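To start, the structure under review is shown below, and the notes come after it.
Here, each number is a calculation from the coordinates, and none is a lab measurement. Predicted model, so just to flag it, every value in this text is computed and none were measured. Neighbour counts run over all protein chains shown; Cβ positions are idealised from the backbone, glycine included.
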Amino acid sequence: MRRPEDLSFSERIYVTEVIRGLLVTGGRFWRNLFLHIAHAFGLAKRTSASVTIQYPEQYLSYGPDYRGSHRLTLKDDDSVRCTACFLCATACPARCINIEAGEHPDNTVEKFPLRYEIDTLRCIYCGMCVEACPCDAIRMDTSVHPRVAGYSRADFIEDKSVLMDRSRVMRDQGEGKLMEQMIDSYKRAKPGEAIADS
Ligand code: SF4
Ligand code: SF4
């Protein structure tokens, strides 16, 4: 990294650098505008212009290492696999996992989460919770997309039922269905109205 005393005079007064930046931005703008107009008339089709992806209606395919949003995995009997051990909440650097543990009616199961919530506005999607879990009870899969629309903090708090439903949808209807649901909830989002969980 260059130290301030290594900068030339023109770099130190910033003006030339600002002009250089504007030239790059302006050059890109006019190039793209020209190409998009040319494409509309069937010209210069071989030269691609930059486009903005209208996410979430349009989206690029995600690589297998993309870390999506959370889901709570299920046992064979469809109940939550989580044992409310709090290791994920302890490992979470953003302190955004809230768990309330309860005694399970089945004596062979020590505890289960009465309440399990993730405040996704605080989450930094680091995956530490997944790493910390000793029983593969929480996952972040490529196909699970974070919610993109909401009008209150409550819209972005994902509770146990939302997190478990994702696993059910994935199991019963396939990974693509979760993306469809997220897009659907985005389209239905209206200011001042509660948003149905995806
Ligand atoms: S991904 Fe990171 S920040 Fe988000 S809930 Fe898990 S541990 Fe916390
Ligand atoms: S998700 Fe895993 S780490 Fe977190 S409380 Fe449940 S069992 Fe423990």
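Tabulated results
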{"read-out": "Hull-based mean projected area of segment 1-64, where the convex hull spans the alpha carbons, in square nanometres", "value": "8.3"}
{"read-out": "Share of alpha-carbon pairs per 10 Å distance bin for segment 1-127, given as whole %", "value": "9, 19, 17, 18, 16, 13, 7, 1"}
{"read-out": "Degrees, to the nearest 10: 15-40 long Cα axis against longest axis of the chain", "value": "80"}
{"read-out": "FRET efficiency, 1/(1 + (r/R0)^6) with R0 22 Å, evaluated for Ser152 and Glu131 via beta carbons", "value": "0.10"}
{"read-out": "Estimated [θ] at 222 nm from DSSP helical runs (n ≥ 4, -39500 (n - 2.57)) normalised by residues in the chain, nearest 500", "value": "-10500 deg cm²/dmol"}
{"read-out": "Coarse-grained scattering of segment 112-171 at q = 0.17, 0.18, 0.19, 0.20 Å⁻¹, given as base-10 log I(q)/I(0) from a Debye sum over alpha-carbon atoms", "value": "-0.63, -0.71, -0.80, -0.89"}
{"read-out": "Magnitude of the charge dipole, the chain, Cβ model with Lys/Arg +1 and Asp/Glu -1, debye to 20", "value": "1100"}
{"read-out": "Using alpha carbons only: equivalent-ellipsoid semi-axes of segment 34-93, gyration tensor based, whole Å", "value": "48, 14, 9"}
{"read-out": "Three semi-axes of the equivalent ellipsoid, segment 84-198, Cα gyration tensor, whole Å, largest first", "value": "25, 16, 15"}
{"read-out": "Karplus 3J(HN,Hα) series, Hz, for segment 57-64 with 6.51 cos²θ - 1.76 cosθ + 1.60 (x for Gly, Pro)", "value": "4, 10, 7, 7, 6, 8, x, x"}
{"read-out": "5 angstrom amide H check on Thr142, placed H, neighbours 5+ away", "value": "Gly68"}
